[in-house]
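Below: the structure, in structure tokens.
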Amino acid sequence: MDANGQRFWLLADHRHWPGRSHVDYRLGCRALRLASERSLGAGVTDAATIAAAALERLPRAVDRHGASAHWDETAMAIVARSHLPDAATMLVLGERPQDFAAGADDVLYVALGERLLLHDLRGRWRDVVLPTPGFQPWRIAAAAGGGVWLLERASGRIGRLTGCVQPERPAADYATTTFRPQPENPAPPALTLLDGVAWPVGERPQAFAAAVDGTLVILSWVGDGESRLRLLDPRLGTLGAAQTLAGAAFAYAIDWLADGRVAVRLPGRRDVPVWVPEPTPVAGSVLNPTGDIYPLAADADEAAFAHRLDDPPRYPLQGGGVEPLHRLSVANLARRGEAANFSAVDLHLLDSGDQQTVWHRLFAEVRLPAGCGLVVWLAATAEPSPTTAVDWHPHVFGEVAAEALPGGPLPHAAWERQPSELPGHPGLGAWGAPQAGRAGLWTVLVQCAQRRVRALSGRYLWLRVELHGDGRDSPELAALRAYASRFSYRDHYLPRLYRETEYGTAAELPGLQVASFDTLLAADLDAAALPAALRAALALGEAARVEVVAAASLWQLRDGPASWTLRREAAAIVAYRPQATPADFLERLLGNVEGVLTALEDRVAAAHLCSDPAVVPEGSLEWLAGWMGLAFDAALPPARRREWLARASELARHHGTRRGLRLALDIASDGGVRGGEIVVLEGFRMRRLMSTLLGVNLEVADDPLLPGLVISGNSVVGDTLVLGEAERVELLSLFRAEVGSLAEQEAVLAFYDQLAYRVLVLVHQTVEAQDLGLIRRIVELESPAHVEVQVASATWPLLLGIASLVGVDTYLGPPPQRVPARAGISSLGNGDRVLGVGSLDPRLSGATGELAGPAAARPVAAAGPDMTVPHGSSFVLDGGGSTAAPGRRITEYRWRLTE
């Protein structure tokens, strides 16, 4: 609501524009744009045959290192290619798989009938076969967090495989006294079928793909090859509404592109068309191709996209290779498109709630490149249906060709310097700072330019937006706001004699009547011919032309800048020259003043925002800090400066205290204190006893988490034996409420005096190095003069075996990233791991061991028949019945007590 009490109605989402023609809503920039004018054309005659053959070809797989794998029918093996010469046999199988793909967890998943083979690309465990009784996986899609999605061809059921196989341990067993989880692998591989996935009769899924954010899109056929898309609802596990791909028949492959687009392969095409799925489609949605050009190589194979883990998508080549999919930067956009807040099946109501509403002003956040513009057509009705709208009134934004505009006077929008008319708002456009005459905020007074009284009244407002471009660029409409009901300067501030006196039919006339003609001229006017009588009566020039608005009843006449409206009435064709009433002209004239003053009044009314750190311009933060006597550190980013100002009163109230220091450090480090990366400790809290620690470098003398270790050599035996008199005094102070002798009491008091007025700011290594200097300066400014403060970096967030102070110097954070061991840098037990390369090419991965198939024989352990033995009686278990795998022999027997 503005300073005059006017509300606004906003259109700034794809759901607000249900009616779209040659227009796309781009989710990436959240704006309406002209769609591509490039059509797919007619498909090949044998599209069904080509698609059927393509679906029978096994998709290929690609890993993060560029290696690819394909199925070799002759060798009955999965063969890998990489930058190394020749191909390498990766996995020999006893049957032809249905599909295979490398997962994000460096596991190769192979679909084999009613079972799934899991082959570790890093050699951590032997191949595992997971039975899937009653479910035959046909297509595989790698999930972002590990595991895969599975699609069954016959039924269209979808499954999700999660969990992992436990890596194989060394030969030795754990000791019986070792604490171990039960079961050993808490998350083994498990298949979950989505019961909510149900396909309509006659619709058959053909392909699917998983996006990085987890969105699953399924490509299906219905009828005679009509191609559809459906998105899987991850929360409900159900299919979304069908979205038909316009012009696509027998599409056989799909993959995700950036910005929520999908690439689809069609039979016989040498390029890959692209569509943009609707996130929340309505029933019967039809998607038009975007027109982006993704050409295919001359030797591209008619087969599904290769399974991949990173961008861009890859398509198969003849001979076993793959090629990345790249876009040509050639735009062929529609020169005209239209979007509306209504369609035949849906609408977005702009309801003022009052039949007497006068719609006042439009504000549009739009980018208008050279040669591009908008025409916003408005209509107001008393009923919530756009079909009752009789007259539509245009408003022009930017550059629109004269031949595309209706005749007569037209209101043109003006560019504003501010990003938004809302005080302190940065605007909704994705183009950044406003660009004079090209991008930013535009405003226009709502008016019916073809009437004597030009106010637009009605409860419901309907909009049609025409987008005009040059074929290479397009307008980008991010937001449109309509204000109502009009606050009239004329009616509020001037005497009554200035008010409007024409109403009803007289007010709706298209202007001032200047001439009338015989109705026999209607035929010539419908043929866009100018009769001589009309040319003479209106003194028209040679360039005059006529446009048919409504055959036999309404025409628009133009002669250069002049225009007339010709309307057939009872017994004549009447010519009207556009001319508003004097009161209406005054109203619109004062509207120019109102547009400027209202913006100023809004800013005055929102003057408190000038001192609001959340919205004040970045350049004013130093000025605002000067009000409170603050001076920012040069390294403090703008976002943290805003939070510092917002909490300035709390900082001042607790300045010089532990709470104030913690708050200042938390703001300066962007939540480092709350996250546990920075800990403020009083000196006595760092005194503790030690136990034996393995895998910790105890020679780090400056690590505050390891105090005294260098001196004492970690010489703690049991719970009470402490070597050295200094440690004995510390022990007394920590664990005895009363001490026996006066000397001991004085020693304890002296020990307490050593720790008084001392604070340690413990900074864990998760804090960025560039922030450490800022933390030191903040500590110096916020600490009292009589307190000695030390800032120290800690190597270990938590050490078992040290009396860790939970909530003081330890914290729980996200699982640490696995850092590969580096020669000359990493040391054993310090967190770095020896990681294999999860590559499809075994020569790159370095995985050792046999490449065994799923039917590889294993040794069979047999300890003899089951027996029941009384308590205290002896018994003998004989493993002589065990058998080795073919071609092998048993060399030793290992026994494990399980209960």
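Taking Rh as the Kirkwood radius, which is the inverse of the mean 1/r over Cα pairs, what is the Rg/Rh value for the stretch 168-275?
Working: Rg = 21.1 Å, Rh = 17.0 Å.
Result for the stretch 168-275 is an Rg/Rh of 1.25.
In angstrom, the C-alpha Rg and Dmax of the stretch 549-693 are 33.4, 110.
Using Cα-Cα distances under 8 Å and only pairs 6 or more residues apart, what relative contact order does the chain have, in percent? Numbers along the way, then the final one.
On the way: 1788 pairs, mean separation 102.0, N = 899.
Once normalised by length, the contact order is 11 percent.
Once you treat every alpha carbon in the stretch 504-580 as an equal point and sum by Debye, what is log10 I(q)/I(0) at q = 0.20 Å⁻¹? Debye output, listed in q order: -0.82. Counting only Cα atoms, the size of the stretch 61-105 along its three principal axes is 27, 26, 11 Å, in decreasing order.
Taking 0.36 nm per residue of separation and subtracting the Cα-Cα distance, full extension of the segment from HIS492 to THR89 would add 136.4 nm. Each residue of the chain gets 279 Å³ once the volume of the Cα convex hull is shared out per residue.
Which FRET efficiency value, to the nearest 0.05, is calculated for GLU542 and LEU422 with the Förster distance at 35 angstrom and r the Cβ-Cβ distance? E between GLU542 and LEU422, to the nearest 0.05, is 0.10. Net charge in the neighbourhood of GLN98 (other residues with Cβ under 9 Å of its Cβ; Lys, Arg +1, Asp, Glu -1) is +2. If R0 equals 56 Å, the separation of the Cβ atoms of LEU597 and THR192 corresponds to a calculated FRET efficiency of about 0.35. Once the Cα atoms are used to define both axes, helix 582-605 deviates from the longest principal axis of the chain by about 20 degrees. Close amide H pairs (under 5 Å, H built 1.01 Å from N) link ARG336 with GLY469, residues at least 5 positions away or on another chain.
Among residues other than LEU835 whose Cβ falls under 14 Å from its Cβ, what is the net charge (Lys/Arg +1, Asp/Glu -1)?
On the way: positive: ARG64, ARG122, ARG124, ARG818, ARG822, ARG833; negative: ASP105, ASP106, ASP120, ASP832.
Residues close to LEU835 contribute a combined charge of +2.
Only Cα pairs under 8 Å and at least 6 apart count here; give the relative contact order of the stretch 504-580 as a rounded whole percent.
Computed value for the stretch 504-580: 37 percent relative contact order.
A simple rule links phi to the HN-Hα coupling: the Karplus curve 6.51 cos²θ - 1.76 cosθ + 1.60 with θ = phi - 60°, which for the stretch 453-460 gives 9, 9, 6, 9, 10, x, 6, 9 Hz, with x for Gly and Pro. Estimated at 0.36 nm per residue, the fully extended path between GLU508 and ALA430 surpasses their Cα-Cα distance by 24.0 nm. Heavy atoms of the protein chains alone define the surface here; on that basis the stretch 94-242 has 46 Å² accessible area per residue at 1.4 Å probe size.
Once the chymotrypsin sites (Phe, Trp or Tyr not before Pro) in DSSP loops with at most 11 neighbouring Cβ atoms within 10 Å are cut out of the chain, the longest remaining piece is 504-874. Would you mind checking which residues have amide H under 5 Å from ASP292's amide H? H placed 1.01 Å from N; only 5 or more apart, or other chain. Those qualifying (amide H under 5 Å, at least 5 residues apart or on another chain) are VAL274.
Listed values for the stretch 35-47 are Karplus-derived 3J(HN,Hα) couplings in whole Hz (6.51 cos²θ - 1.76 cosθ + 1.60, θ = phi - 60°), namely 7, 6, 9, 6, 9, 6, x, 6, x, 6, 5, 9, 4, and x replaces Gly and Pro. Using the Stokes-Einstein relation with a Kirkwood hydrodynamic radius computed over Cα pairs, the translational diffusion coefficient of the stretch 332-436 at 37 °C and a viscosity of 0.692 mPa s comes to 200 µm²/s.
Place a point 7 Å from the Cα of ASP518 along the Cα-to-Cβ direction; which residues of the stretch 533-558 have their backbone N under 17 Å from it? Counting backbone N atoms under 17 Å from the label point, the list is 533-538.
Taking the Cα centre of the stretch 1-143 as origin and charging only Cβ (+1 Lys, Arg; -1 Asp, Glu), how large is the dipole, in debye to the nearest 20?
Charge dipole of the stretch 1-143: 600 debye, to the nearest 20.
Once Rh is set to the Kirkwood radius over Cα pairs, what Stokes-Einstein translational diffusion coefficient, in µm²/s, holds for the stretch 1-113 at a temperature of 25 °C and a viscosity of 0.890 mPa s? Estimated diffusion coefficient is 125 µm²/s.
What the stretch 383-463 shows is 43 Å² of accessible area per residue, with the surface traced by a 1.4 Å probe over protein heavy atoms. Taking 0.36 nm per residue of separation and subtracting the Cα-Cα distance, full extension of the segment from SER385 to ALA884 would add 171.5 nm.
For the chain, with all protein chains in place and a probe radius of 1.4 Å, 55% of the accessible heavy-atom surface sits on carbon or sulfur.
Just the accessible area per residue of the stretch 486-572, please: how many Å² with a 1.4 Å probe?
Values: 5030 Å² over 87 residues.
Spelled out: the 1.4 Å probe surface of the stretch 486-572, per residue, equals 58 Å².
Its Kirkwood hydrodynamic radius, worked out from the mean inverse distance over all distinct Cα pairs, puts the stretch 62-147 at 13.5 Å.
If Lys and Arg each add +1 and Asp and Glu each add -1, what is the summed charge of the other residues whose beta carbon sits under 14 Å from the beta carbon of ARG64?
Values: positive: ARG122, ARG308, ARG314; negative: ASP63, ASP105, ASP106, ASP310, ASP311, ASP841.
Every neighbour counted, the sum reads -3.
Which residue, SER611, VAL286, PRO131, has the largest displacement toward the positive end of the dipole of the chain when charges sit on each Cβ (Lys, Arg +1; Asp, Glu -1)? In the chain, that residue is VAL286. Here the chain carries DSSP beta bridges of which approximately 90% are antiparallel, counting only pairs with both residues inside.
Taking the stretch 197-248, which trypsin sites (Lys or Arg not before Pro) meet the DSSP loop condition and have no more than 14 other C-beta atoms within 10 Å?
Working: sites: ARG228, ARG230, ARG235; in loops: ARG235.
The qualifying sites are ARG235.
Each of LEU236 and ARG115 was given a label point 7 Å from its Cα along the Cα-to-Cβ line. The distance between the two points is 3.8 nm. The angle between the Cα long axis of helix 769-782 and the main principal axis of the chain comes to about 90°, on a 0 to 90 degree scale. Each residue of the stretch 253-265 was assigned a 3J(HN,Hα) from its phi angle through the Karplus curve 6.51 cos²θ - 1.76 cosθ + 1.60 (θ = phi - 60°); the sequence is 8, 8, 7, 7, 10, 6, 6, x, 9, 10, 9, 10, 9 Hz, with glycine and proline shown as x. Take the Cβ-Cβ distance between GLU399 and ASP72 as r, set R0 to 56 Å, and report the resulting FRET efficiency rounded to the nearest 0.05. So, using R0 = 56 Å, E works out to roughly 0.40.
One Cα centroid belongs to the stretch 535-595, the other to the stretch 264-298; the line between them spans 46 Å. Charge dipole of the stretch 317-394 (Cα centre as origin; +1 on each Lys and Arg Cβ, -1 on each Asp and Glu Cβ, all else neutral): 480 debye, rounded to the nearest 20. For the chain, the dipole from Cβ point charges (+1 on Lys and Arg, -1 on Asp and Glu) about the Cα centre works out to 860 debye, to the nearest 20. Close amide H pairs (under 5 Å, H built 1.01 Å from N) link LEU463 with ASN341, residues at least 5 positions away or on another chain.
The values are calculated or read from the model by the stated rules, or taken from the named source; none is laboratory data. Just so it is clear, the structure is predicted and the values come from calculations on it, not from any experiment. Glycine gets a Cβ as well: all are built from the backbone with ideal geometry, and neighbour counts include every protein chain shown. In case anyone asks, the SASA skips ligands and DNA or RNA and just uses the protein heavy atoms, side chains included. Shrake-Rupley method; radii C 1.70, N 1.55, O 1.52, S 1.80 Å.
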